[in-house]
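Each reported figure results from applying straightforward, stated rules to the coordinates on display, with no laboratory input. Because the structure is predicted, anything quoted here is derived from the model rather than measured. All Cβ positions, glycine included, derive from the backbone under ideal geometry; neighbour counts span all protein chains shown.
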C-alpha cells in the first residue's frame, strides 16, 4: 500500500515541494545571468527537475542547454560553480538546510525526440490515423 502523501515513486509531497522551490531558485539565477561563467550562457539553460534525498541534504539537478550540443561541458561548469549556486539557493529558500547540488544531463528531451521520430515514421503513422467513419456520406445533409 502506498504511503499517504507520496507520489507514484515513493517521494513525499514535501520532497517534491522543496525540490520545486530549488528548481525555481536555480532557474532564476541562471536566467538572470547571475552566474559569471562564460561557459554557461544566461537564459539558455533549463532546469527540468530537482530530486532531493529524503534528508534534504543532497539534490540532483537535471539540466539541459538549448542551442548547444555539449551538455557535459555545461554540467562541468555548473559543478565548478556549485558552491556559488548553493549560496544563491540558500538566499531564496526558507529551509533549515540547503542541499548540496549535483548536476546531471537531462536525457528526457532526447528520449521524447526519439519517440516522436518513431511515431512519425510512415509505417507507424499509417496505423495511428483513425479509420474514416462508416455510414455517413459527406454529401448527405443533415436537416
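Summary table below
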{"quantity": "Mean projected area in nm² (Cα convex hull; one quarter of hull surface) for segment 33-101", "calculated": "4.7 nm²"}
{"quantity": "Ordering of 88-99, 22-33 by packing [mean C-beta count within 10 Å, highest first]", "calculated": "22-33, 88-99"}
{"quantity": "Ordering of 122-130, 77-85 by packing [mean C-beta count within 10 Å, highest first]", "calculated": "77-85, 122-130"}
{"quantity": "Förster radius 22 Å - calculated FRET efficiency between residue 70 and residue 28 (Cβ-Cβ, nearest 0.05)", "calculated": "0.40"}
{"quantity": "Radius of gyration and maximum dimension Dmax of segment 13-128, Cα, Å", "calculated": "16.6, 55"}
